[in-house]
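The values are calculated or read from the model by the stated rules, or taken from the named source; none is laboratory data. From a predicted model like this one, the values you see are computed outputs, not experimental measurements. Note that we place each Cβ from the backbone using ideal geometry, even for glycine, and neighbour counts take in every protein chain shown. Accessible surface is based on the protein model in full, side chains and every heavy atom, while ligands, DNA and RNA are left aside. Shrake-Rupley method; radii C 1.70, N 1.55, O 1.52, S 1.80 Å.
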Amino acid sequence: MQKPDWTVVEMLEWATGYFEDKNVPSPRLSIEWLLAHVLQVKRLDLYLQFDRPLTRPELDSLKPLVQRRARHEPLQYITGSTDFYNLTLAVTPDVLIPRPETEQLVDLILQEHPRDKKRRVLDIGTGSGCIALALKKARPDWIITGMDISEAALEIARSNADNESLEVTFHRGDLSSYRPGGKIDIIVSNPPYVHKHETEDLEKQVAAFEPLTALVTDDVSGIYSKLLSLCRESLSPEGRFYFEINESDGDEIADLCRSASFRSRLLKDDAGKHRFVAGSF
């Protein structure tokens with residue numbers, strides 16, 4: 001970036017090549033996202049102003065962001081936010097970056113629970129609050145609580161709720177001991193489900209920057225057994241649970257559900273992989 005003057009298109013072309021040399025995933029998208037962030041425009045609007053010169057302050061703001069992305073830091077942490085199910089959520093390295101599969105989990109719940117009935121919902125391992133807040137925005141009458149063991153994550157979730165003007169309650173708690181007061185109609189969780197032996201296959205932008213305690217486990221069976229125990233104690237008689245799962249663990253988790261006397265369904269994500277389990281008494 002030593003060139004004295006740059007246009008939008010020149011920066012897009014140069015940074016794309018730079019990111020390719022650094023093996024950064026989605027190199028063109030990366031610079032589009034960063035440049036749109038600095039210029040405070042929509043990403044696609046960059047293509048309406050290809051010849052626009054970049055000012056010195058804009059270049060000074062962009063340079064450190066490009067350097068961070070070249071080290072494979074996730075774009076969402078660099079810009080400080082991400083879009084999720086019609087929400088704009090703050091994210092930091094204290095929380096996982098929400099994935100498209102989790103949007104599909106929200107979709108599943110909303111499809112199976114229309115607006116005609118108020119429900120109590122518990123989101124276990126809420127992180128940024130993405131699931132709880134997306135459900136609340138779509139179903140304002142629902143009473144929703146998010147639980148997480150990380151106080152830092154809960155601070156972000158509460159801030160996201162305030163920024164979106166959504167009334168969701170967040171509590172700190174451990175899966176082994178936390179129990180909500182009263183019966184719950186829907187329990188949802190996206191717990192850690194990446195096996196430790198799979199971490200070597202994770203992209204650098206995940207393994208080096210995201211909180212692995214929220215992503216990786218060496219005890220899949222233990223986590224889902226604890227979730228099912230909480231469901232047995234806290235679900236209403238007509239209640240349902242929805243868990244995101246590792247695509248390789250569907251049969252094992254279905255067996256755990258049967259052992260806990262739950263009826264369950266394995267459901268596929270948009271890529272055709274077993275990504276969710278839904279169950280009831």
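Round to the nearest 0.05 the FRET efficiency obtained for E252 and Q40 when R0 = 41 Å and r is the Cβ-Cβ distance.
Details: r = 47 Å, r/R0 = 1.16.
Efficiency at R0 = 41 Å is approximately 0.30.
Roughly how tilted is helix 56-70, in degrees to the nearest 10 and between 0 and 90, from the longest Cα axis of the chain?
Tilt of helix 56-70: around 50 degrees.
Once fully extended, how much extra length lies between R56 and R115, figured as 0.36 nm per residue of separation less the alpha-carbon to alpha-carbon distance?
Working: separation 59, 0.36 × 59 = 21.24 nm, distance 5.14 nm.
Result for the pair: 16.1 nm of gain on full extension.
Compute the relative contact order of segment 108-252 as a whole-number percentage, counting only Cα pairs closer than 8 Å that sit 6 or more residues apart in sequence. Walk me through the intermediate numbers first.
On the way: 211 pairs, mean separation 35.4, N = 145.
About 24 percent, as a whole number.
Using a Förster radius of 22 Å, what is the FRET efficiency between Q49 and L29 based on their Cβ-Cβ separation? Nearest 0.05, please. Working shown, then result.
Details: r = 18 Å, r/R0 = 0.81.
E between Q49 and L29, to the nearest 0.05, is 0.75.
Lys/Arg Cβ at +1, Asp/Glu Cβ at -1, dipole of the chain taken about the Cα centre: which of V194, S248, T145 is farthest positive-ward?
Result: T145.
Say we join alpha carbon atoms closer than 10 Å with springs in a Gaussian network model of the chain; which of R68, R56, R99 then has the biggest fluctuation?
R56
Using 0.36 nm per residue, how much length does the chain from S259 to N163 gain when fully extended, once their Cα-Cα distance is taken away? Write out the running numbers ahead of the final one.
Details: separation 96, 0.36 × 96 = 34.56 nm, distance 4.20 nm.
Computed gain between S259 and N163 is 30.4 nm.
Can you give the accessible area per residue of the chain, in Å², using a 1.4 Å probe?
Here the per-residue accessible area is 49 Å².
Which value, in debye to the nearest 20, gives the size of the charge dipole of segment 148-281 about its Cα centre, when Lys and Arg are +1 and Asp and Glu are -1 at the Cβ? Spell out each step's value before the answer.
Working: 15 positive and 25 negative charges, 130 e Å.
In debye, rounded to 20, segment 148-281 gives about 620.
Against the longest principal axis of the chain, how steep is helix 8-21, in degrees 0 to 90 to the nearest 10, with axes from Cα atoms?
Helix 8-21 sits roughly 60 degrees off the main axis of the chain.
If you average the C-alpha positions of segment 125-187 and of segment 193-251 separately, how far apart do those two centres end up, in angstrom?
18 Å
Over 29 Å between C-alpha atoms is what I'm after, so list which of K42/K268; K22/K268; K42/K137; K22/K196 land there. Please report the intermediate quantities before stating the final value.
Details: K42/K268 32 Å; K22/K268 34 Å; K42/K137 23 Å; K22/K196 26 Å.
As for pairs spanning more than 29 Å Cα to Cα, those are K42/K268; K22/K268.
Run the 1.4 Å probe and let me know the accessible area of L267, rounded to the nearest 10 Å².
40 Å²
Given a 1.4 Å probe and every protein chain left where it sits, what share in percent of the accessible area of the chain is carbon and sulfur? Working shown, then result.
On the way: 6460 of 13650 Å².
Percent of accessible area from carbon and sulfur atoms in the chain: 47.
Mind putting a number on the dipole of the chain about its Cα centre? Charges go on the C-beta only, +1 for Lys and Arg and -1 for Asp and Glu, and I need it in Debye to the nearest 20.
Numbers: 35 positive and 45 negative charges, 154 e Å.
Computed charge dipole of the chain: roughly 740 debye.
Under the rule of at least 5 residues apart or a separate chain, name every residue whose amide H is placed under 5 Å from the amide H of G146.
So G146 has HN proximity to D123, T169, F170, H171.
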